[in-house]
Amino acid sequence: MTFFSCSLTKRVPKDKVLLMENSVFENEKKTSKEDVLSQLYQRPNSSLPLIGFRLRLHLYNLAKPNADSTYHLWLKNHPKSEKALTSILSKKQVNRLGESFAISGFNNFLMRTGEAPVLYDSLKTEKSLVRLKNYYFNKGYFDTKVENKIDSINIQKVKSTYLVKTGEPYFIDSLSTSIQTPALAELYEKTKTQSIIKPNTAFNVKNFEAERTRLTNYFRNSGAYYFQELNIRYEVDTIINKKNKANINLIIDQQTVKSGDTLTRVPFKLYNISEVNIFTDNLSKEKEYVLDSVQYNNFNIYSLGKLKYKPKALTDAIFINKDTRFSDFRRILTSRSISNLRIFNYPSIEYVEDKRDSTGQSLITNIYLTSRKKMTFNPSFDITHSNIQDFGIGGSMGLFFRNIFRGAEVLEIGLRGSIGSSRQMNNPNDVFFNVTEYGTDVKLTFPRFLFPIAANKIIPKSMLPTTSMSFGLSRQKNIGLDKNNFTGIVNYSWYPSRKNSFSLDLLNAQYVRNTNPNNYFSTYKSSYNSLNQIADKYDVDSSYYNEDGMLTIQDGGADSFIFDALNPSDPLNISDADYDLVKSIYERKVRLSENNLILASNLTFTSSTRTNIDDNSFHTIKAKVESAGGLMSLLMSNSKVGSTGKKTFMDVEFSQYIKTELDFIKYWDLGKQQVIALRAFGGIAIPYGNSNSIPFSRSYFTGGSNDNRGWQPYRLGPGRSGGVLDFNEANMKIFFSTEYRFNITGKWYGALFVDASNIWDIFSDIEDKDYTFNGISSLKDLAFSSGFGIRYDFSFFVFRLDMGFKTYNPSIETNRKWFEEFNIKESVLNVGINYPF
């Protein structure tokens, strides 16, 4: 530690000192507010969070600044070595070795990745004092006093302390206005109750800026086309006879117009839209090349040739209407709506004054649309690895057709296929690629609601409604059961605001047909091994066994033993405990190998305050409700009943359940590229009526790179059972995760995380209390993992490595559930793309 401490000043000149620490004391109390510290022009070298190690400075100090020159000096001082190198390489190559990665390249890497020492600069300190004073002045502290103190803490090391005395804050006593345009004065009177600047509130420049933005948006949305924020200013007058009080005068100047070399001021005008022109097919602003034009609902549509789009499809996406006030909001909404069609590039919208209007208060709107390609071909290639598939190669082809019916519809066709290798799958012929899957998906999207009744009054077009219909077919041969899968979805989505969205699956149908149910015990080895252990206790028919003394699978020995064990006549005289276990294995086999028919509807609501990809201070809430089989049960009250006493459709029992989920994500930006991220998730699916359990595809699991990272997928739970089954799933889940993310250097980031989760069975046919949720007491079965991660940001995606350690394992029967398995041997290395949430 002494060595590292001394080496910090390795590159510090003798007449300079290294800035080790900045401190700001606000009224004699130390503050760590990032917005205060960010006012300082000089910040010490960055350090790793928690441990304080200045990694980047050490990397910089490890480099040799003039490695190439040092190398040539070494050659000059060691002629024998130079001669030996020249005998192997040419003279030119020996000279160029100084530019190689081993000599110069590595040093350059260290200097680029590292961070030069921050040397104390008195001029920057003076600038910081001015900046701090301005910062507190803008907060309403007009009498702020700021000073700086430098203390030496070691040889060539100092810390800088800023002492701030704010004094008492100023408050707004009154607000007056001076608006020189009568039309704007009239508009202001209508909205002054919404003013952010109010008497008897603390003076804060941010409120003045927010009010300036609010008024600008309001005026521009009310017709003031030429109005800008610069036209609003404030006069602040402190009151002599009232301590710490200030009068505010809001001044809105007139429009400045340039005429030749003369600038004149004229009142602002409120403009109306006199004409809306739509130019398609990449037309220029000149109309000489227009060969076709259409007038539709007060819109003029121009085309290079015959119009390729239905007029209604274009005009429905436009919210700028003839004979209405100019509105900036409508322009932005129109741009967003046109982009949402996915058949045009981002539109260009211009306004020009209508010379035909003698009052000079009319604007012509010209909207220029650039069409995308009619068809797009998107091939892809993947190499995969998972807990089921050891190695896989996959590919897909996507065809994207735009404006398929001339109504801005989009047709997507996808073809996919993959082959892979799995050691978990029964493989009698020892074939390497023993996993296959192929399928096709078709999706048709309409930029409007297709519904038997008019929904425009409930969900107007300003909410950008869309309808999509998708269908998919796939055939899968992977873990042994093999299956065919059909899906069909009719979806409606809309956006009530930029923050909120709704997605309604009016119909979400899925039919899963298992084509090889007799291969169940070849896939689920844990159930098979348990069955053999029970069978060894009893006098079982020898024909049930193979030559290895195990129950046969393909020849039906395992199934025959189950039949005998559950036979009411009890030919094996089986114990109650073993009977219950065999029954549990049988019921799970039936559940996981039976065909599934799911006819569901669901509604998803999403709300997010995130403004852009760089916003690290936001929250997102996602809520979902799904119901399956309810309508089916009503419509098929007299349907055929299967062998289990359940209603069937096409000889398949349809699922009936209610499912609800709530997902919450919150980010806190700590500054200095540090973020705390939190996620909480809860979900429950309750079977009823025609079902005793939830279909496997709709159930929950936990573990994996985006979940509880101390366990592999499907290896945790249910409850405190210990994950003894091959693929552990249940119908209830609780999950929490917290990450502390920080920058290490450049594009390298680190993370410390804690995950907690588990799954349980509830309101189902599972009765074992180790598996079921039994009220609040079951929360002690939450499994905790903790660990650290390394991430590299490629800008368009983040590559992630996380190592999770089992911190609390509820399945351990001893009192040492905490840290019993906290070691490398029991850890799990997770590979992921992008952040887990």
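Every number here is computed from the coordinates shown, using simple stated rules; none is lab data. Just so you know, these numbers come straight off a predicted model, no measurement behind them. Every residue, glycine among them, receives a Cβ derived from its backbone with ideal geometry; neighbour counts consider all protein chains shown.
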**Asked** FRET efficiency for GLU168 and PHE664, Cβ-Cβ distance as r, R0 = 51 Å, nearest 0.05?
**Response** 0.80
**Message:** Could you compute the net charge surrounding TYR41? Neighbours are other residues with a C-beta less than 10 Å from the C-beta of TYR41; K and R count +1, D and E count -1.
**Reply:** +2
**Message:** So the label point goes 7 Å from the Cα of ALA116 along Cα→C-beta, right? Which residues of region 22-43 then have their backbone N under 19 Å from it?
**Reply:** 41-43
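If the chain between PHE401 and SER371 were fully stretched, how many nm would it gain, using 0.36 nm times the residue separation less the Cα-Cα distance?
Computed gain between PHE401 and SER371 is 9.5 nm.
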**Prompt:** For Rg and Dmax of the Cα atoms in Å, the choices are (1) 33.0, 121; (2) 29.8, 103; (3) 35.6, 111; which was calculated from the structure?
**Reply:** (3)
**Fill in**
Close lysine pairs (region 171-266; alpha-carbon distance under 19 Å; 8 or more apart or on separate chains) counted at 7
**Partners for LYS306 among lysines (Cα-Cα distance below 19 Å; same-chain residues under 8 apart left out)** = LYS285, LYS287, LYS373, LYS374
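Which value at 222 nm does the chain reach when only helices count, each DSSP H run of 4 or more adding -39,500 (n - 2.57), with the total divided by all residues and rounded to the nearest 500 deg cm²/dmol?
After summing the helix terms and dividing by residue count, I get -5500 deg cm²/dmol.
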**Proximal lysines to LYS457, defined as alpha-carbon separation beneath 19 angstrom and excluding residues fewer than eight positions away on the same chain** = LYS312
**Asked** Remind me, relative contact order of region 517-593 in percent, using alpha carbon pairs under 8 angstrom and six or more residues apart?
**Response** 29 percent
**Asked** How high is the relative contact order of the chain, in percent, with contacts defined as C-alpha pairs under 8 Å that are six or more residues apart?
**Response** 5 percent
**Alpha-carbon centroids, region 691-767 and region 325-351: separation in whole Å** = 43 Å
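Would you kindly state how much longer the chain becomes between GLU186 and LYS640 on full extension, computed as 0.36 nm times their sequence separation minus their alpha carbon distance, in nm to one decimal?
156.2 nm
Would region 517-593 count as rounded, prolate or oblate if I go by the C-alpha gyration tensor, calling it rounded below 1.5 in a/c and otherwise prolate when a/b exceeds b/c, oblate otherwise?
Oblate, since a/c reaches 1.5 and b/c is not below a/b.
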**Item:** Global form of region 272-368, assessed from the alpha-carbon gyration tensor, a/c cut-off 1.5
**Value:** oblate
**Request:** Pull up the cross-link candidates among the lysines for LYS537, meaning alpha carbon to alpha carbon under 29 Å and not fewer than 8 places away within one chain.
**Result:** LYS525, LYS583, LYS589, LYS769
**Item:** Neighbour net charge for ARG402 - beta-carbon separation under 12 angstrom, K R +1, D E -1
**Value:** +4
**Request:** Once you have the Cα-Cα distance between LYS198 and ASN529, take 0.36 nm times their residue separation minus that, and quote the gain in nm to one decimal.
**Result:** 111.6 nm
**Request:** For region 328-340, take each phi angle, set θ = phi - 60°, evaluate the Karplus expression 6.51 cos²θ - 1.76 cosθ + 1.60, and give the result in whole Hz per residue in order, putting x for glycine and proline.
**Result:** 4, 4, 5, 5, 5, 5, 5, 4, 5, 5, 5, 5, 5
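Could you please report the charge total around PHE137, scoring K, R as +1 and D, E as -1 over all other residues with beta-carbon less than 12 angstrom from its beta-carbon? Working shown, then result.
Numbers: positive: ARG131, LYS133, LYS139, LYS145; negative: ASP143.
Once positives and negatives cancel, what remains is +3.
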**Fill in**
Checked against a 22 Å limit on the C-alpha separation, the offending pairs among LYS666/LYS733; LYS747/LYS806; LYS624/LYS806; LYS124/LYS165 are LYS747/LYS806; LYS624/LYS806
**Prompt:** Zone of ILE51 (label point 7 Å along Cα→Cβ, backbone N under 17 Å): which residues in region 725-743?
**Reply:** 740-743
**Request:** Evaluate E = 1/(1 + (r/R0)^6) for LYS206 and LYS769, where r is the Cβ-Cβ distance and R0 equals 41 Å; express this FRET efficiency to the nearest 0.05.
**Result:** 0.15
**Request:** Return the distance in nm (one decimal) between the two label points of a simple spin-label model at ASN321 and PHE563, each offset 7 Å from Cα along Cα→Cβ.
**Result:** 7.3 nm
**Item:** Cut-off 18 Å (backbone N to label point 7 Å along Cα→Cβ of PHE797), residues of region 700-735
**Value:** 705-707
